[in-house]
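Input: a single structure, listed below in structure tokens.
Where a number appears in this text, it was derived from the coordinates with a stated rule and is not lab data. Since the structure is predicted, the reported quantities are computational estimates derived from the model, not experimental observations. Virtual Cβ from ideal backbone geometry, glycine too; neighbours counted across all protein chains shown.
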């Protein structure tokens, strides 16, 4: 599991610190762009079949979420072989990748956090009409249940703590 944070380019190209919405009484109120970001986030498992989404929150200028990459969800399915090499299917976004040899390097959609975040950013950018994103993202590998619970609580309480953020405006 990975804890990811994806930030907007606040201040760049007139991108407001509340590009995705605002907080009221400790709850996040999404605007049109926030709704787009939420819809794209929730569609990640449709495009990356090996992912499971856990807790997430869309904040005024960033998104926090937990993404689980599973070997069992949308994993390689051996459908035959050529000589001593297995042929697999069910790879890539929407299973559109052609059949390939199992021991070759993957072709098409990669099974990495980077490719998932890139796909998410592209989806939001296409719907908004321009990129609102910083160049990279932050990730943290969740190694145990204690860390997972800490991060879940952090995500849940993020809107309550928004007034402590450097980009908070009253």
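Values as computed for the structure displayed
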item	result
Contour minus Cα-Cα distance for residue 70 and residue 141 (0.36 nm per residue)	24.2 nm
Listed peptides 36-45, 122-131 by packing density, highest first (mean Cβ within 10 Å)	36-45, 122-131
Mean-position separation - Cα centroids, region 27-66 and region 120-150, in angstrom	9 Å
Inter-probe distance in nm under a simple model that places probes 7 Å from Cα toward Cβ, at residue 126 and residue 16	2.7 nm
